[in-house]
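The values are calculated or read from the model by the stated rules, or taken from the named source; none is laboratory data. Here the structure is a predicted model, which is why all the values come from computation and not from measurement. Every residue, glycine as well, gets a Cβ built from its backbone with ideal geometry; the counts of neighbours run over all protein chains shown. All accessible areas refer to the heavy atoms of the entire protein, side chains included, with ligands and DNA or RNA removed. Shrake-Rupley method; radii C 1.70, N 1.55, O 1.52, S 1.80 Å.
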Amino acid sequence: MADQRVAIVGVGTTAFARRIPDKSVLGLSCEAVRKAADDAGIAIHDIDGILVQENRANPRYHLELSEALGLYDKPLCATIGLGGASAGYAVDIARWALRSGRCKYVLVVVAGKESAEGRTTRGHGNTDRIATWSGHSPHYEQPYGPIMASYYGSVAQRHMYEYGTTVEQLASVSVAMRHNASLNPDAVYRTPITHDDVLNSRMISSPLHLLHCCVINDGGIAYVLTTEERARDLPQPPVYVLGTGGGHAGYWTGFLANGDPTGRYTLTRTLAEKAGVEAFAEAGVDRADIDVVGVCDNFAITPIVLLEDYGFCKKGEGGAFVGNGDRIKVGGELPVNPHGGALSCNHAGINHHSYVEAVLQLRGQAGARQVADAKLALATATAGIVSTHQATVLGNE
């Protein structure tokens, strides 16, 4: 079984909204799990592997979830503490567990109540909590309360300085993601926006305006993996994991920029490059073969950097590659985040959603946002400040 292919065979999501007041994180998780199991055509008790993303309120959330689902005495039950990159590394761990015969069906799940987190971390006196949750230095950063947007603002500023990237090109990412979200009935924000709307929205951390920044919302996401052999008997068309790759560089890419002995990685050149090279090599396909891409878009600079590092354009050409945004819209040359991404659709489980969207696209089940004849997808997961990366090439054949 060591070389048997593994497939994603079931996906499930809750509703996504700015606030879902009547459901807890656990309730959202269980709802997504039930939908994923139903989609896969299996009973919840068939699941024998559970992988969850870290939960700030409960570091042993995998145990709480397994109890809520009634899943006891299972060979795999763990929390992956890699933030947004957990979605991709879960695929790697699931593949190892399934190929070894340790597990038959592995569940990957995340849920978030970001609306509640936002309320508890606003204002003076809570900056230490923001810093602690984000993994910042307790000596240099916690006392001053830096926020995520500050770090991404520095990446954007550096990219603009080095390569001439413009705020208009950053705005193109936001406009394109909102266009894609307008085709998705599940997206939090669906009303189209213009470049002027983005650039006239209030400044958050220069050069990032409000509409350069992701949605804050509630929701849950789950997917189920199994072996190719078992997938043949299930109701949904399997979506196969063809190749993966990854790299980790501490909490933010600035650490690697200061400490990389090769001098290759900087604020604007990340380990996504390594992740992409590994994933494409294992899958035996090239960038030109990819029909749809899912990348982290927590801020508008992130897809520009990642499209460069994953090899869809040369380093420094990401802004020009995005252009006015048409290329990365549904219907464009390289559709990116057809669901609308974190900038317009959903940030709670942002990268898990990229995997679910890739599955729906490769099944041909994405409705109005369907990318025509999609056969290969690149789904990726990013954590920290573009510092931890995992890339997965998925295919429907």
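Please verify whether the range 121-130 includes one or more residues that are modelled with pLDDT of 60 or more, open to solvent by 50 Å² or more (accessible area, probe 1.4 Å) and either closer than 24 Å to residue 352 by Cα or not in a loop (DSSP other than H, G, I, E, B) (or both).
Of all residues in the range 121-130, those modelled with pLDDT of 60 or more come to none.
No: zero hits.
Under the condition of being open to solvent by 50 Å² or more (accessible area, probe 1.4 Å) and at pLDDT 95 or above, which residue from the range 234-253 is nearest to residue 396 (Cα to Cα)? Walk me through it before giving the result.
Initially, the range 234-253 is screened for residues open to solvent by 50 Å² or more (accessible area, probe 1.4 Å), giving 235, 237, 248.
Still in the list and also at pLDDT 95 or above: 235, 237.
Values: 235: 14, 237: 8 Å.
The qualifying residue nearest to residue 396 (Cα to Cα) is 237.
Within the range 180-201, the set of residues being closer than 19 Å to residue 18 by Cα, of a type outside the set (Gly, Ala, Ser) and open to solvent by 20 Å² or more (accessible area, probe 1.4 Å) comprises 183, 185, 186, 188, 189, 190, 191, 192, 193.
How many residues are under 21 Å from residue 101 (Cβ atoms), open to solvent by 50 Å² or more (accessible area, probe 1.4 Å) and not basic (Lys, Arg) when one looks only at the range 68-83? Number of matching residues: 3.
The helices (runs of 4 or more DSSP H) falling completely within the range 266-376 that include 3 or more residues that are of a type outside the set (D, E, K, R) and closer than 25 Å to residue 217 by Cα map to 301-309, 350-363.
Please enumerate the residues belonging to the range 7-57 that are β-branched (Val, Ile, Thr) and over 20 Å from the mean Cα position of the chain (by Cα).
At the first step, the residues of the range 7-57 found to be β-branched (Val, Ile, Thr) are 8-9, 11, 13-14, 20, 25, 33, 42, 44, 47, 50, 52.
Hits for the range 7-57 are 20, 42, 44, 47.
From the list 65, 26, 51, the one residue that fits, being open to solvent by 40 Å² or more (accessible area, probe 1.4 Å) and either closer than 24 Å to residue 381 by Cα or part of a strand (DSSP E or B) (or both), is 26. Looking across 256, 199, one residue alone is at pLDDT 95 or above, among the hydrophobic types (A, V, I, L, M, F, W, C) and in a helix (DSSP H, G or I). It is 199.
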